[in-house]
Amino acid sequence: MNYISTRDTSVKVTASQAITKGISSEGGLFVPDTIPCVTAEEIEALSKKDYIGRAKDILSLFLNDFTEEEVESCVKGAYETGFSDEKIAPLAKTGDGAYVLELFKGPTCAFKDMALQILPRLLKVAGGKAAKGTEIVILVATSGDTGKAALEGFKDVEHTRILVFYPSDGVSPMQKLQMCTQEGKNVSVCAIKGNFDDAQSGVKKIFTDKAVAAKLAENGMAFSSANSINWGRLAPQIVYYFSAYCDLVAEGEIKVGDKINVVVPTGNFGNILAAYYAKEMGLPVAKLICASNSNSVLTEFLTTGIYDRNRKFFTTISPSMDILISSNLERFLYALAGSENVKSWMASLASEGKYKVDDATLAKIKELFAAGCCDDEQTKATIARMFNEKNYLCDTHTAVAIKVYEDYKAKTGDKTPTVIASTASPFKFSASVLEAVDGINDGLDEFEMVEKLAEISKESCPEQLANLRSKAVRFEGVCSKDSMEKVVLDMLGI
Ligand SMILES: *Cc1c(COP(=O)(O)O)cnc(C)c1O
């Protein structure tokens, strides 16, 4: 297997090169040129293994130029310690055939840890093969969770530097605190005046700027990406869909071969794309259900075939999904329609903010996906209902997924067992969660809210969030969209 670019299939690279480069030089994303298959017997065998064993087997299929020992050491390094649940990604049964896949047991309490605990390790091995002697500079645009998870993953990793940009008014107070208090010698954080799309476009522009690349090369440095445009972020996300299925088999909830649905609260389309790849590899998935908040660009696209980012941008209580340009959709479009179509649709997105896929592509999309969205009021009502009726406390992003799933089920009557991806700890979004379950949150600071939430829910706040209270703020810088490049070069001292 090799990796090719979604915009130029003559670009052929190894897994190591795809991971080190992050994005192809003409702006396309790397995808495997063939999708490996996993048989029913192999799923049966995986169900008898633990998360580490499952991760090793699945990742080996994609990391074609890594040795078995290298894959194993990356996987063990990432998942052996640092997760607060021994299952790494446990399932909570909430009844009526629904299972919540808790992906937030890692060091930063969001699902981004699932990939960002292993990405630095993959990059270290890959960099040793593909870019020996180079200092890797990681640039991150974050809607809140990626930034912290990447900082935590890369802090003090040799031969790497990391700089995170976040929208100054687009993250929760807890997310901001998590980033601005980050420790480590090779880390830096800067707020930008703008939204997540501005941060992401700015980072992409710096990445593909030839003059900046040349300047880095002169200084023995090269950019890479920790955003989900990097294949090294996506591959580890495929693992937990297999793992969830295997847990359902191991616990006797389903038999190998039975189909499940998967619901994912979606922003950049990375997490749900990983579920799509799992399905293409042979995991028995019936429907992929894409859940959005009021920024419902994907709901519209997956149901009409029209992608139109020319719309009002909403700042919601599920900020990690406040996105109008979902980068990873490009990989999905490539799989359905090939690189010539991708090129023309992406060109039209860049020039007009809009494109429309052909009918044949739309028909394929509709067969694979269902989609829905909900607003902040519905999100809060769902948090309250889950807590009051099922004694299950979920965060705002997970609540969007639950609500969209309930709507889907009411509309279709589909009773297929369903895995709902839960992407963050409720304690990360305590203001909204507390308001939902308790009515008010007035006058309390972030930590008082966390304490009150713990008291009401009888769950304890993850230590790594509670401990932020005593940490010093290290990063307070704010820049405009147009000065991001200067901030990067200043930080690197070149
Ligand atoms: C990043 C994130 C999402 C969106 O995931 P994508 O892969 O970007 O679609 C959803 N919820 C939370 C809490 C996140 O951090």
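The values are calculated or read from the model by the stated rules, or taken from the named source; none is laboratory data. These numbers were taken from a predicted model, which means no experiment stands behind them. With ideal geometry, Cβ positions are generated from the backbone for all residues, glycine too; neighbour counts draw on all protein chains shown. Surface areas here come from the heavy atoms of the whole protein model, side chains and all, with no ligands, DNA or RNA. Shrake-Rupley method; radii C 1.70, N 1.55, O 1.52, S 1.80 Å.
For Ile494 and Glu44, what is the calculated FRET efficiency with R₀ set at 45 Å and r taken between the beta-carbons, to the nearest 0.05? Mind dumping the intermediate values first?
Working: r = 53 Å, r/R0 = 1.18.
Efficiency, from the Cβ-Cβ distance: 0.25.
Just to be sure I follow: if Rg is taken over the C-alpha atoms of segment 240-388 and Rh is the Kirkwood radius over the same atoms, what is Rg/Rh?
On the way: Rg = 16.5 Å, Rh = 16.5 Å.
Rounded to two decimals, Rg/Rh equals 1.00.
Could you sort 94-100, 267-273, 109-115 so that the peptide with the highest average Cβ count within 10 Å comes first and the rest follow in order?
Result, highest mean Cβ count within 10 Å first: 109-115, 267-273, 94-100.
Taking Cα pairs under 8 Å and at least six residues apart, what relative contact order does segment 409-494 come out at, in percent?
19 percent
Which distance in Å, rounded to a whole number, links the C-alpha centroids of segment 53-73 and segment 342-358?
Comparing the Cα centres of segment 53-73 and segment 342-358, I get a distance of 36 Å.
Given contacts defined as C-alpha pairs under 8 Å and at least six residues apart, what's the relative contact order of segment 34-119, whole-number percent?
Once normalised by length, the contact order is 21 percent.
May I ask you to give the percent of accessible area on the chain that is carbon plus sulfur, with a probe radius of 1.4 Å?
Ligands and nucleic acids excluded, carbon and sulfur reach 48 percent.
Report Rg (one decimal) and Dmax (nearest whole number) for the chain, counting Cα atoms only, units Å.
21.1, 61
How many angstrom lie between the C-alpha centres of segment 283-336 and segment 154-182?
After rounding, the separation between the Cα centres reads 25 Å.
Which of the trypsin sites (Lys or Arg not before Pro) across segment 328-433 are loop residues per DSSP, with 16 or fewer other Cβ within 10 Å?
Of the trypsin sites (Lys or Arg not before Pro), the ones in loops of segment 328-433 whose Cβ has at most 16 other Cβ atoms within 10 Å are Lys415.
What are the ³J(HN,Hα) couplings of segment 158-167, residue after residue, when phi is run through the Karplus curve with 6.51, -1.76, 1.60 and θ = phi - 60°? Round to Hz, x for glycine and proline.
For segment 158-167, the Karplus curve yields 3, 6, 10, 10, 9, 10, 10, 10, 10, x Hz.
At a Förster distance of 30 Å, what's the computed FRET efficiency of Lys452 paired with Ala472, Cβ-Cβ distance as r, to 0.05?
After rounding to 0.05, the efficiency reads 0.75.
Past 31 Å, Cα to Cα: identify those pairs from Lys205/Lys411; Lys155/Lys380; Lys112/Lys415; Lys148/Lys458; Lys48/Lys403; Lys312/Lys343, in the order given. Kindly include the intermediate steps, with their values, before the conclusion.
Values: Lys205/Lys411 42 Å; Lys155/Lys380 35 Å; Lys112/Lys415 29 Å; Lys148/Lys458 26 Å; Lys48/Lys403 33 Å; Lys312/Lys343 26 Å.
Cα-Cα > 31 Å for Lys205/Lys411; Lys155/Lys380; Lys48/Lys403; rest within.
Sequence gap at least 6, Cα distance under 8 Å: using those rules, report the relative contact order of the chain to the nearest whole percent. Present the calculation step by step, with values, prior to reporting the outcome.
On the way: 950 pairs, mean separation 92.3, N = 494.
It comes to 19 percent, rounded to a whole number.
Which parts of segment 340-357 would a label at Ser201 reach, counting a residue when its backbone N lies under 20 Å from a point 7 Å out along Cα-to-Cβ?
Under cut-off, by backbone N: 343-356.
Semi-axes, largest first, in whole Å: what does sqrt of 5 times each Cα gyration tensor eigenvalue give for segment 1-132? Don't jump to the answer; show the numbers that get you there.
Working: eigenvalues 160, 62, 50 Å².
Ellipsoid semi-axes (Å, largest first): 28, 18, 16.
Not counting the cut sites, what is the longest span of the chain without GluC sites (Glu not before Pro) that DSSP labels loop and that have at most 12 other Cβ atoms within 10 Å?
Excluding the exposed sites themselves, the longest stretch runs over 252-475.
Place a point 7 Å from Cα of Lys259 in the direction of its Cβ. Which residues in segment 413-432 have their backbone N less than 18 Å from it?
From segment 413-432, the list is 413-420.
Heavy-atom accessible area per residue, the chain, 1.4 Å probe: how many Å²? Display every interim value, and only then the final one.
Details: 18480 Å² over 494 residues.
Accessible area per residue: 37 Å².
Counting Lys and Arg as +1 and Asp and Glu as -1, each charge on the Cβ, what is the dipole of the chain about the Cα centre in debye, to the nearest 20?
840 debye
How large is the translational diffusion coefficient of segment 156-224 in µm² per second when you combine the Kirkwood radius over alpha carbon pairs with Stokes-Einstein at 10 °C and 1.306 mPa s?
Using the Kirkwood radius from Cα pairs, D works out to 117 µm²/s.
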